[in-house]
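The block underneath contains the structure these notes are about, expressed in structure tokens.
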Amino acid sequence: MHDRRAAGDANPLAELLAAATERTVLAEAPGKSGATLERVVIGGQDYVLKHLDLAQDWTMRASGCLRGAPLALWERGILSRLPKCFNQPIVAAAPIIPLGGCSLLMRDVTPWLVPATDAPITLDQHARFLRHMAALHAEFWECGPEFDVVPSMHRYLELSPWTATAEAAIGSAHLVPQLVAKGWPLLAQVAPAAAAVVTPLAHDPGPLVEALAATPHTFVHSNWKLDNLGTDDAERTVLLDWEQPGCGAPLSDLAWYLAINCRRLPQAKEDSITAYRQALESYGIDTGPWWERQLALCLLGALVLFGWEKAFGGYDEELAWWETKAVRAAALLS
């Protein structure tokens, strides 16, 4: 039998868990990927143990990083190189043997996370997230191949019809792939102009990935949703779920943030884009030569990822904004 807890022989994670005085499975923990969580107490301190099991986690299967992207980041020392404005809670990681995936031991940062409500976050916190996103991107500007854990092609296929089909074929009961399967056909009904551009790219994002490859790249997190974010007492940003990271266009992180968090952001998209650009330039990055092209492509890319999700809200102001951006950017692919 494999041990999802200790995950291997004589490793720091196993040693830490051997000293645990309490372990409780968090059966009602939030999450949509299939990962499982435990609450662990070691030396009187609270930790969370996260298991990314390949057999259970559909996002791992979609990423193609079968050992787990956070494990790759941990082994390469990348997480220890994050800018000081981040609170990175992972303290140990190890593979799940023999099935694939990994286990992560993290300091419990729950009190600092953005509350899981529908209320907008404050403008101060939003602006801080954008500044710290820019700090991350500037720190690793034009980074090397060791940062390319999950390729851009895989990231743009994560929420594609192919993922929905593959998960259905193995009898997956996860909700998100099922919604993806319903949402893409719905987009063609509610926003046919958007669907004509993004649905072919959702099936094959190659032209988008190729176009973005001609613009600057950096290390991207790829999941800046508010569920993964928080602010600690030192005003550092807590950033969880390093499960789709890699080399990519910096504005892909920004576009993801604007798309997935749209209902809770306290600032208009255009103003948020300007704030991020100003922050990036304050870190010494010249945005003039490439900004407009990459921005257009990444806004298109966000709808390639989330067109299915936007369709469920009908043709509202939100979908209309993204449709306009996508249609305009289509010419950049030729």
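The values are calculated or read from the model by the stated rules, or taken from the named source; none is laboratory data. These numbers come from a predicted model, not from an experiment. Glycine also receives a Cβ, built like all others from the backbone with ideal geometry; neighbour counts cover every protein chain displayed. Ligands, DNA and RNA are excluded from the accessible area calculation, which covers all protein heavy atoms including side chains. Shrake-Rupley method; radii C 1.70, N 1.55, O 1.52, S 1.80 Å.
Just a few scattered comments:
- FRET efficiency for R328 and E75, using Cβ-Cβ distance with R0 set to 41 Å, rounded to 0.05: 0.50
- Cross-link reach list, aspartates and glutamates versus K310, counting only Cα pairs under 15 Å and skipping chain neighbours closer than eight places: E318, E323
- Of every Cα-Cα pair in the range 201-334, the percent that sits beyond 18 Å: 57 percent
- In this structure the amide hydrogen of T36, modeled in the peptide plane, comes within under 5 Å of the amide hydrogens of H51, D53, none closer than 5 places in sequence on its chain.
- Charge dipole of the chain (Cα centre as origin; +1 on each Lys and Arg Cβ, -1 on each Asp and Glu Cβ, all else neutral): 200 debye, rounded to the nearest 20.
- Dipole of the chain computed with +1 at Lys/Arg Cβ and -1 at Asp/Glu Cβ about the Cα centre; of C143, P200, W290, farthest Cα towards the positive end is P200.
- For the chain, the solvent-accessible area works out to 43 Å² per residue, with a probe of 1.4 Å and every protein chain left in place.
- Those residues of the range 251-280 whose amide nitrogen sits under 18 Å from the label point placed on R293, 7 Å along Cα→Cβ: 251-252
- Each label was represented as a point 7 Å from its Cα along the Cα-to-Cβ direction; for L66 and M153 these points are 1.7 nm apart.
- Charge dipole (Cα centre; +1 on Lys/Arg Cβ, -1 on Asp/Glu Cβ; no other charges) of the range 46-163 amounts to roughly 140 debye.
- Residue-wise HN-Hα coupling along the range 111-116, computed from phi with Karplus coefficients 6.51, -1.76, 1.60 (Hz; x: Gly, Pro): x, 9, 6, 4, x, 7
- Under the simplified labelling scheme, the K84-D118 pair shows an inter-label distance of 4.2 nm, with each label point 7 Å from Cα along Cα→Cβ.
- About the centre of its Cα atoms, the range 236-334 shows a dipole size close to 20 debye [charges on the beta carbon of Lys, Arg (+1) and Asp, Glu (-1) only; nearest 20 debye].
- The 3J(HN,Hα) values that the Karplus relation (6.51, -1.76, 1.60; θ = phi - 60°) gives for the range 19-26 are, in residue order, 8, 5, 9, 7, 9, 9, 6, 8 Hz. Gly and Pro appear as x.
- Surface composition of the chain: carbon plus sulfur atoms hold 55% of the accessible area, using a 1.4 angstrom probe and ignoring ligands, DNA and RNA.
- Global geometry of the range 23-81, whether rounded, prolate or oblate, following the gyration tensor of its Cα atoms and the 1.5 cut on a/c: oblate
- Rg/Rh (Cα only; Kirkwood hydrodynamic radius) as it applies to the chain: 0.96
- In range of the label at Q189: residues from the range 294-328 whose backbone nitrogen is under 13 Å from the point 7 Å along Cα→Cβ: 311-315
- A simple spin-label model places the labels of N11 and E235 3.8 nm from each other, with each point 7 Å out along Cα-to-Cβ.
- Taking 1.306 mPa s as the viscosity and 10 °C as the temperature, the Stokes-Einstein diffusion coefficient of the range 38-193 based on its alpha-carbon Kirkwood radius rounds to 86 µm²/s.
- Loop-located GluC sites (Glu not before Pro) in the range 22-72, at most 16 other Cβ atoms within 10 Å (DSSP): E28
- Computed over the Cα atoms of the range 267-317, pair by distinct pair, the Kirkwood hydrodynamic radius stands at 12.7 angstrom.
- Length added when fully stretched, W162-T24, from 0.36 nm per residue minus Cα-Cα: 46.1 nm
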